[in-house]
1. Working only within the range 38-59, note down all residues that are in contact (Cβ under 8 Å) with a residue 24 or more places away in the chain and either of a type in the set (S, T, N, Q) or over 15 Å from L16 (Cβ atoms) (or both).
2. Of the residues that make up the range 27-44, is at least one touching a Lys or Arg at 6+ places or on another chain (Cβ under 9 Å) and either in a helix (DSSP H, G or I) or at pLDDT 95 or above (or both)?
3. Take the range 61-91 and flag every residue that is surrounded by fewer than 15 Cβ atoms within 10 Å (Cβ to Cβ) and under 21 Å from E31 (Cβ atoms).
4. Taking the stated definitions as given, is I33 over 16 Å from the mean Cα position of the chain (by Cα), surrounded by 10 or more Cβ atoms within 10 Å (Cβ to Cβ) and touching a residue at least 40 places away in the same chain (Cβ under 8 Å)?
5. Go through (1) at pLDDT below 90; (2) in a loop (DSSP other than H, G, I, E, B) one by one and return the number of the condition A5 breaks.
6. Could you grab me the full set of residues in the range 51-73 that are closer than 24 Å to R86 by Cα and among the small types (G, A, S)?
Amino acid sequence: MVDVAGTNHQKIDRKLDRTERSWTRLPAVAEEIDSCPEDEALDFLNEWSLEEDNLLVLEQQALRLELSPEQQARYRRLTEVVGRNRPLIARLLRD
């Protein structure tokens with residue numbers, strides 16, 4: 001029998017990992033993006049909507065109480081990082 005809850009928690013962990021990594025590295029990317037080839041910079045900016053989608057899915061899962069207590073704590077820390085770095089991505093997308 002498949003442990004659906006365990007599998008879902010693993011998926012949430014992977015999504016948290018990816019989303020945390022993306023939002024945490026955003027300040028470094030913002031500093032370097034002007035020196036990147038234009039196509040790479042555009043790819044990054046165009047693909048950023050996937051990060052926003054991941055964040056939205058995590059928010060919905062948190063609201064539905066699908067996250068374990070540890071995942072809830074990670075999600076809260078992630079929202080703090082997002083709050084700090086949201087102006088950076090807003091500026092990059094605007095420029």
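The values are calculated or read from the model by the stated rules, or taken from the named source; none is laboratory data. Fair warning: this is a prediction, and the values are worked out from it, not measured in the lab. Neighbour counts run over all protein chains shown; Cβ positions are idealised from the backbone, glycine included.
1. The first filter runs over the range 38-59 and keeps only residues in contact (Cβ under 8 Å) with a residue 24 or more places away in the chain, leaving 45, 48, 51, 54-55, 57-58.
If the condition is that a residue be in contact (Cβ under 8 Å) with a residue 24 or more places away in the chain and either of a type in the set (S, T, N, Q) or over 15 Å from L16 (Cβ atoms) (or both), then L45, W48, N54 are the ones that fit.
2. Filtering the range 27-44 down to residues touching a Lys or Arg at 6+ places or on another chain (Cβ under 9 Å) leaves 27, 30.
Right, trim to either in a helix (DSSP H, G or I) or at pLDDT 95 or above (or both) and you get 27, 30.
Yes, the range 27-44 contains a residue that is touching a Lys or Arg at 6+ places or on another chain (Cβ under 9 Å) and either in a helix (DSSP H, G or I) or at pLDDT 95 or above (or both).
3. Within the range 61-91, E80, G83, R84, R86, P87, A90, R91 qualify.
4. Values: over 16 Å from the mean Cα position of the chain (by Cα): yes; surrounded by 10 or more Cβ atoms within 10 Å (Cβ to Cβ): yes; touching a residue at least 40 places away in the same chain (Cβ under 8 Å): yes.
Here the answer is yes, as I33 does meet what is asked.
5. Result: A5 fails condition (2) only.
6. A62, A73, listed by residue number.
Yes or no, residue by residue, for (1) in contact (Cβ under 8 Å) with a residue 24 or more places away in the chain; (2) among the basic types (K, R):
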site: S22; (1), (2): yes, no
site: A28; (1), (2): no, no
site: Q61; (1), (2): yes, no
site: R76; (1), (2): no, yes
site: R84; (1), (2): no, yes
